[in-house]
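These notes concern the structure reproduced below.
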Amino acid sequence: MLAGEAAAEAARKSTQEAPAADEALDETPREPEFPVVGDTSAAAFFDLDNTVMQGAALFHFGRGLYKRHFFHKRDLARFAWQQIYFRLAGSENPEHMADVRNSALSIVQGHRVAELMSMGEEIYDEYMAERVWPGTRALAQAHLDAGQKVWLVTAAPVETATIIARRLGLTGALGTVAESVGGVYTGKLVGEPLHGPAKAEAVRALAAAEGLDLSHCAAYSDSANDIPMLSLVGHPYAINPDSRLLKHAREHGWRLRDYRTGRKAVRVGIPAAAVVGALAGGAAAAVALQRRRR
């Protein structure tokens, strides 16, 4: 779209009198401002694992629980293998995600929800805050600064997602709901994990309840599993994309950002405001996110 607009503008200008050389040097291409300030019909939806945070939130939560003697070394080894697989594969294999889910459910079974929420606050400070991608955090802040709501949408437990969203100053979170009776986890889920198409349905339902225009909204993810969610909105972003999502994003002209290495972010249709926001806000976000819980 940007290439087409630029070509049309260049063609129009070529039929007019050429500007002076010094004036031409001062001219720079201008891109539409995004997010649009004051557009309250828009919101942003962010995947969590490897989009907002390096690695899997469940693994980091498991490390914190191990430190608090919730399970044994063999369980920690299983969590470690799951994390290694996640980092090397760079994608959310359904069978692997189911294994992670079942491990977590078996560990929290019989524990009180309030107990896990309290520990989750501490675990966030210990293992998660420093793993938030500053660039993604800056993108979320740009939406907040524009007066828009920002939601996490993740297969992680809704309690964990809610803690992370609150600590990042986001609006809220959509996550997998674990069954509890009398405030105690049963080891079962309410329905299925919030994964793949289920995320798209959750976003669609939330948008209807909030009166949002999905064509004005943005969504951010690293995984091809979230293509249904990304396809719902007018402004899809592939963040640290796996190979399948990268291919799909390029074919459809979606915006790309990669924070996994020191190389420059892939710049395909990235609005100038988002680039400036990520660069200017990244350092400040990194410092703010590492502050200890007061």
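The values are calculated or read from the model by the stated rules, or taken from the named source; none is laboratory data. No experiment lies behind these values; they were computed from the predicted model shown. Because the Cβ atoms are built from the backbone with ideal geometry, glycine has one as well, and the counts that use them run over all protein chains shown. Surface areas here come from the heavy atoms of the whole protein model, side chains and all, with no ligands, DNA or RNA. Shrake-Rupley method; radii C 1.70, N 1.55, O 1.52, S 1.80 Å.
Here are a few things to note about the model shown:
- Look at (1) over 22 Å from Q54 (Cα atoms); (2) open to solvent by 30 Å² or more (accessible area, probe 1.4 Å) and you find that S243 fails only one, number (1).
- Test: residue in segment 163-172 that is of a type in the set (V, I, T) and surrounded by 20 or more Cβ atoms within 10 Å (Cβ to Cβ): yes
- Only one of T154, T162 that is hydroxyl-bearing (S, T, Y), touching a strand residue (DSSP E or B) at 6+ places or on another chain (Cβ under 8 Å) and closer than 16 Å to L230 by Cβ: T154
- Within segment 219-241, residues that are at positive phi have Cβ atoms under 9 Å from residues that are open to solvent by 10 Å² or more (accessible area, probe 1.4 Å) and hydrophobic (A, V, I, L, M, F, W, C) in these pairs: N240/W133, counting only partners at least 6 apart in sequence or on another chain.
- The numbered conditions (1) open to solvent by less than 30 Å² (accessible area, probe 1.4 Å); (2) more than 13 Å from the chain's Cα centre (by Cα) are all true for A208 except (1).
- For segment 176-189, filtering for residues that are touching a residue at least 12 places away in the same chain (Cβ under 8 Å) and either within 12 Å of F45 (Cα to Cα) or assigned to a loop (DSSP other than H, G, I, E, B) (or both) leaves 2.
- Flag for A198 being touching a strand residue (DSSP E or B) at 6+ places or on another chain (Cβ under 8 Å), surrounded by 14 or more Cβ atoms within 10 Å (Cβ to Cβ), small (G, A, S) and closer than 16 Å to F45 by Cα: no
- Residues satisfying the stated conditions in segment 42-59, i.e. modelled with pLDDT of 95 or more and part of a loop (DSSP other than H, G, I, E, B): A42, D47, L48, T51, V52
- Residue that is farthest from L174 (Cα to Cα), among those in segment 205-257 that are polar (S, T, N, Q) and either assigned to a helix (DSSP H, G or I) or in contact with a His (Cβ under 7 Å, 6 or more places away or on another chain) (or both): S243
- The residues listed here are V233, V190; of these, the one that is over 16 Å from the mean Cα position of the chain (by Cα) and either buried (at least 24 other Cβ atoms within 10 Å of the Cβ) or of a type in the set (V, I, T) (or both) is V190.
- Of all residues making up segment 139-162, the number that are buried (at least 24 other Cβ atoms within 10 Å of the Cβ) and farther than 11 Å from A44 by Cα: 6
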